[in-house]
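Below is one structure, written out as structure tokens; comments come after it.
The values are calculated or read from the model by the stated rules, or taken from the named source; none is laboratory data. Predicted, not measured: the structure shown is a model, and the values here were computed from it. Counting neighbours? That spans all protein chains shown, and the Cβs are built from the backbone with ideal geometry, glycine included. These accessible areas exclude ligands, DNA and RNA; they are computed on the full protein's heavy atoms, side chains included. Shrake-Rupley method; radii C 1.70, N 1.55, O 1.52, S 1.80 Å.
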Amino acid sequence: MIVLASGKRIDPLEIEAHYCQSPFVKEVCITDRLHAVVVPNMQLMRERKIANIGDLLRFELEGLADKLPAEQRLLGYRISFDPLPRAGSEIN
């Protein structure tokens, strides 16, 4: 659970699922204060011969943000090309 300065509680799993609606987003992990790590769907990017991944992801995430209340929108993100570690997975 993320608690905003206003005291409102936000479930990061719901926000992650919302942003993963884009076919170009493989994974999203909300970190502190509505910042995220976004893993692009590189297989789809290659199939569609998309070269500018950053611009496409920005367009996709901004479009999805418009469908969320302001307090649930990402404040920032970074792109990672490595899969996100998951509970029970080994981290090297």
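Consider the range 37-62 and keep the residues that are open to solvent by 70 Å² or more (accessible area, probe 1.4 Å) and assigned to a helix (DSSP H, G or I). The one that is nearest to K26 (Cα to Cα) is Q43. Among the residues making up the range 11-36, those that are buried (at least 17 other Cβ atoms within 10 Å of the Cβ) and part of a strand (DSSP E or B) are V25, K26, E27, V28, I30, A36. When A87 is tested against (1) surrounded by fewer than 17 Cβ atoms within 10 Å (Cβ to Cβ); (2) assigned to a loop (DSSP other than H, G, I, E, B); (3) touching a residue at least 40 places away in the same chain (Cβ under 8 Å); (4) not hydroxyl-bearing (S, T, Y), exactly one condition is not met: (3). The residue that is farthest from Q72 (Cα to Cα), among those in the range 1-56 that are acidic (D, E) and within 9 Å of the chain's Cα centre (by Cα), is E27. Residues in the range 38-91 that are more than 19 Å from I10 (Cβ to Cβ) and among the hydroxyl-bearing types (S, T, Y): S80, S89.
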